[in-house]
There are 2 protein chains.
Amino acid sequence: MIKIALDAMGGDYAPRENVEGALMAACQHGIHVVLVGDEKKIQKELHKSRFSSALIEVAHAPDHIGMHEKATESLRTNRNTSIKISLELLQNQKVSAVVSAGHTGAFMAASTLILKRLPEIERPAIAGCIPTLKGSCVMLDLGANVDCRSSHLVQFARMGILYANIVEKKTNPSLGLLSNGEEASKGNELTREVQELLKNKPEWNYVGYVESKDIFKGKVDVVICDGFVGNIFLKTVESLVSTTFLLIRQEAHKKPLSRLALGIGAYLFKDVLKNLGRRFDYTQHGAAPLLGLNGLVYVCHGRSSSMAIKNALLTAKKSVEEKFLDRLKQEFHPV
Amino acid sequence: MIKIALDAMGGDYAPRENVEGALMAACQHGIHVVLVGDEKKIQKELHKSRFSSALIEVAHAPDHIGMHEKATESLRTNRNTSIKISLELLQNQKVSAVVSAGHTGAFMAASTLILKRLPEIERPAIAGCIPTLKGSCVMLDLGANVDCRSSHLVQFARMGILYANIVEKKTNPSLGLLSNGEEASKGNELTREVQELLKNKPEWNYVGYVESKDIFKGKVDVVICDGFVGNIFLKTVESLVSTTFLLIRQEAHKKPLSRLALGIGAYLFKDVLKNLGRRFDYTQHGAAPLLGLNGLVYVCHGRSSSMAIKNALLTAKKSVEEKFLDRLKQEFHPV
């Protein structure tokens, strides 16, 4: 039985959507979820829900971290927050993973402090699955490290390749380095240094620099970049997809005929757009793992709905089932 | 009469589309165009076209720079390339601007060498107009400088604000700094340094950090970033828009009913999609100016069609008409 701790207090719609998502994961997928947070509030939501499950446990945490607190401040005070209690459950092996839609910075900082980094990993990285025309691509770092050294990116590559292989089931995953052009003469100081280091990794399926279009085409299984660039890439993708639909609406409203066409088109397109939206919706895709720690932790979008929370729990379950953490430890500390 | 030099040999479809675009600009918009390149080839295309105009001149250049040459190599040999001859026409005030769809790196390097940088400008930057829900936003640098210092970004801001004001007719343009979050605690080493420097510019309408979603919403008139990030942003936008349409098609083909819906929807949506495509098509939007030189030069996409070339010439004409270069010189060297 896989048991996962969920920060019930983190996210814009907590605890309601978190509790509902946990119940869905328990009822529909048999995941044992420990809801961590204000017990009274959690119980209230549990009673309100149309679901109920014996697989749900509650662990009380008297406090939680507000979205506008400073990440470092929240640690310094050492309060018994839902994030801290969740991570301690993982540290004490009461659960196999932690999922939180709360304050990302505070969650990452607390995870690193409590779980510790794996040996040889200088910086943990957020890895996400980017939808492509062929399926998906593991991309990291999506925002944990805004200033990176070349050695960090090589470590990201190593973790990303393993994740693509073990969790995403890709054989001999191909690796690309995000750059401003495919030619070796392109890139900035950092990427050129990384190129040099990757020359010493003939065992990796490294294809060289890739551009955004290559990612969307599905040219590579894993792509690495620094967290500043990765975060801007991710947010550009997220916001452009919604902007495109708004622009379609804007264009359509210019003429009565196209307004009608939009209505009919939208009706006919409904399923198509729904599926497409799902492929690009990162809250739906679930959670992004923070890789490089001695424990499995998953970061969710702050705006996570119950469906997103459920999918996040499923994503976490997948890595637990595949014993990803053991494989990662082995990779960085072969016995 | 505004006279502009066009590199007739640069781009994937040169000289055919270049000559055709020049003829369209001359016939439809009264722009005097000097076609620079292999005279025989240009004359052949001129004869083939259904257009003809007395506003077209040809300046022979025996050589041109191939798309796969190294930018630095092409300069060292000092051949009489179409780019070099075009820039010399501008240097000698025979034309008011130069437009090229050729090798961007070589074009930028030759422009800097021949025209020289303006005083106080350490690095020229490529500025582009990003479509937004409210209109457009001037973004720079889109790829001229992959490694930037904070002083460079402040200079980009100064040039971008002036461009938005003079050419894009925005009053007191608002300025944003592209980052991984809006809070002042976000950003990387470079953006934090730039934030500090911008505190000394109370005369600018600086709104702070912006994210991609803010750009698309039209929150700012000008946005600055280093050329590596800017280029990746631009390419992500370009390739995601086309990927979205491919994904719609892919989703639609999964079921016969939605295939039918796609057909009907596409028919009804035709104009809407066409307009939308136009707003996001950078080749249609024309050319991006390389700002910071003692002369107006415009970089086009390598895949420029005749329509793109025509629009590039129109974009260049607009800056010439507004005497943008004089205003820029004044800004950086007030008398």
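Answer yes or no as to whether residue B:38 is closer than 16 Å to residue B:10 by Cβ, within 26 Å of the chain's Cα centre (by Cα) and at pLDDT below 95.
The answer is no for residue B:38.
Just to be sure, is residue B:66 at pLDDT below 95, touching a His at 6+ places or on another chain (Cβ under 8 Å) and under 23 Å from residue B:104 (Cα atoms)?
Judged against the criteria, residue B:66 is a match.
If we scan the range B:68-90, do we find a residue that is of a type outside the set (A, V, I, L, M), in contact (Cβ under 8 Å) with a residue 40 or more places away in the chain, open to solvent by 30 Å² or more (accessible area, probe 1.4 Å) and away from chain A (no Cβ under 14 Å)?
Scanning the range B:68-90, I find no residue that is of a type outside the set (A, V, I, L, M), in contact (Cβ under 8 Å) with a residue 40 or more places away in the chain, open to solvent by 30 Å² or more (accessible area, probe 1.4 Å) and away from chain A (no Cβ under 14 Å), so the answer is no.
Output the residues belonging to the range A:228-245 that are more than 7 Å from every other protein chain (Cβ to nearest Cβ) and closer than 14 Å to residue A:129 by Cα. It would help to see each step written out before you state the result.
Step one: of the range A:228-245, the residues more than 7 Å from every other protein chain (Cβ to nearest Cβ) are A:230, A:234, A:238, A:242, A:245.
Those that are more than 7 Å from every other protein chain (Cβ to nearest Cβ) and closer than 14 Å to residue A:129 by Cα: A:230, A:234, A:238.
Starting from the range B:296-314, take each residue that is touching a residue at least 24 places away in the same chain (Cβ under 8 Å) and list its partners that are assigned to a strand (DSSP E or B) and open to solvent by 10 Å² or more (accessible area, probe 1.4 Å), counting only C-beta distances under 7 angstrom and pairs at least six apart or across chains.
B:298/B:288; B:299/B:126; B:299/B:288
If I go through the range B:14-46 residue by residue, how many of them are open to solvent by 10 Å² or more (accessible area, probe 1.4 Å), out of contact with any helix residue (DSSP H, G or I) (no Cβ under 8 Å at 6 or more places or on another chain) and farther than 15 Å from residue B:86 by Cβ?
Total meeting the criteria: 6.
Kindly provide the set of residues from the range B:319-335 that are surrounded by 17 or more Cβ atoms within 10 Å (Cβ to Cβ) and not hydrophobic (A, V, I, L, M, F, W, C), ordered by number.
If the condition is that a residue be surrounded by 17 or more Cβ atoms within 10 Å (Cβ to Cβ) and not hydrophobic (A, V, I, L, M, F, W, C), then B:319 is the only one that fits.
Being in contact with a Cys (Cβ under 6 Å, 6 or more places away or on another chain) and touching a residue at least 40 places away in the same chain (Cβ under 8 Å) narrows it down to one of A:59, A:101, so name that one.
Going through A:59, A:101 in turn, the sole match is A:101.
Yes or no: residue B:95 assigned to a loop (DSSP other than H, G, I, E, B) and either open to solvent by less than 50 Å² (accessible area, probe 1.4 Å) or modelled with pLDDT under 95 (or both)?
Details: assigned to a loop (DSSP other than H, G, I, E, B): yes; either open to solvent by less than 50 Å² (accessible area, probe 1.4 Å) or modelled with pLDDT under 95 (or both): yes.
Yes, satisfied.
Taking the options B:150, B:185, B:100, name whichever one is closer than 30 Å to residue B:13 by Cβ and either open to solvent by less than 30 Å² (accessible area, probe 1.4 Å) or not aromatic (Phe, Trp, Tyr) (or both).
Sole residue among the options that is closer than 30 Å to residue B:13 by Cβ and either open to solvent by less than 30 Å² (accessible area, probe 1.4 Å) or not aromatic (Phe, Trp, Tyr) (or both): B:100.
Which residues, taken from the range B:1-13, are surrounded by 24 or more Cβ atoms within 10 Å (Cβ to Cβ) and touching a His at 6+ places or on another chain (Cβ under 6 Å)?
B:9
When the residues of the range B:195-227 are filtered to those that are open to solvent by 10 Å² or more (accessible area, probe 1.4 Å) and in contact (Cβ under 8 Å) with a residue 60 or more places away in the chain, which remaining residue is farthest from the other protein chains (Cβ to nearest Cβ)?
So the residue we want is B:221.
The values are calculated or read from the model by the stated rules, or taken from the named source; none is laboratory data. Predicted model, so just to flag it, every value in this text is computed and none were measured. Ideal geometry is used to build each Cβ from the backbone, glycine not excepted, and the neighbour counts take in all protein chains shown. In case anyone asks, the SASA skips ligands and DNA or RNA and just uses the protein heavy atoms, side chains included. Shrake-Rupley method; radii C 1.70, N 1.55, O 1.52, S 1.80 Å.
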